[in-house]
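Some notes on the structure that comes next.
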Amino acid sequence: MMATMNKLLSKNFFERPTLTVCEDLIGKYLVSKNGLALMITEVEAYDGFDDKASHASSGKTSRNEIMFESGGYIYMYLIYGMYWMLNIVTGQKDYPAAILIRGAKEVSGPGRLTKHLNLDKSFNKKILSKETRLWIEDRGFYPAKKLIRKTPRIGVAYAGPIWANKPYRFVMQS
DNA sequence: GGAGTGATGACA
DNA sequence: GTCATCACTCCA
């Protein structure tokens, strides 16, 4: 009988195209050093210079500069003065892209997720790794692609109809 | 349906 | 320096 392998995803997993990484992230485990491991079930892509819903749509700023790095970095930002959003940078250097982790099997909602894992600004610009105390593992679970629903992103009406309606949200059916 | 909350970015 | 905005959550 084969033992279950928990494989820590390496940086090159995140250096691929954002939408591909989104689909592959569903069913992976977000693990923190305090022992919590949550199965990722909902993510959103923010991809490229032209994406009007992305923080990077108007160029590089001190807040979003980490989005321009190569994949595997953590981008944390505060929203509505209360909630930290956890994003994983994707793609190649100088191409701004990231994935918002919106929910897990055990915890739904991006703000609740970070509160549950005690994630805040201190994780910003760090790389996913055991040293950082936050990483993502492949635990051998691969959901059927037809169980991954693609929908428009949440809360991005400000981006205008074209970008608000892009099917950039990936949700695993429960 | 509506309020809370404060860092950030745009503009002057 | 000002000020509007916001990749959300909770309570009614």
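The values are calculated or read from the model by the stated rules, or taken from the named source; none is laboratory data. On a predicted model such as this, the values are computed, not experimentally measured, just so you know. Neighbour counts are summed over all protein chains in view; Cβ atoms, including those assigned to glycine, are modelled from backbone coordinates with ideal geometry.
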Yes/no for A:Glu131 being free of Cβ contacts under 8 Å to residues at least 40 places away in the same chain and acidic (Asp, Glu): yes
The lone exception for A:Met82 - which of (1) loosely packed, with under 13 Cβ neighbours inside 10 Å; (2) touching a residue at least 60 places away in the same chain (Cβ under 8 Å); (3) within 12 Å of DNA strand C (Cβ to nearest atom); (4) among the aliphatic types (A, V, I, L, M) it fails: (2)
Residues within region A:35-83 that are more than 10 Å from DNA strand B (Cβ to nearest atom) and either acidic (Asp, Glu) or part of a loop (DSSP other than H, G, I, E, B) (or both), tallied: 16
Count of residues meeting criterion [within 16 Å of DNA strand B (Cβ to nearest atom) and in contact with a Leu (Cβ under 8 Å, 6 or more places away or on another chain)] in region A:110-135: 7
Answer residue from region A:134-160, given it is free of Cβ contacts under 8 Å to residues at least 40 places away in the same chain and within 23 Å of A:Thr20 (Cα to Cα) and is surrounded by the fewest Cβ atoms within 10 Å (Cβ to Cβ) among those: A:Lys146
Residue under evaluation A:Ala97, criteria (1) surrounded by 14 or more Cβ atoms within 10 Å (Cβ to Cβ); (2) away from DNA strand C (no atom under 11 Å from the Cβ); (3) of a type in the set (Gly, Ala, Ser), criterion not met: (2)
A:Leu30 out of contact with any helix residue (DSSP H, G or I) (no Cβ under 7 Å at 6 or more places or on another chain), surrounded by fewer than 22 Cβ atoms within 10 Å (Cβ to Cβ), at pLDDT 95 or above and not aromatic (Phe, Trp, Tyr): no
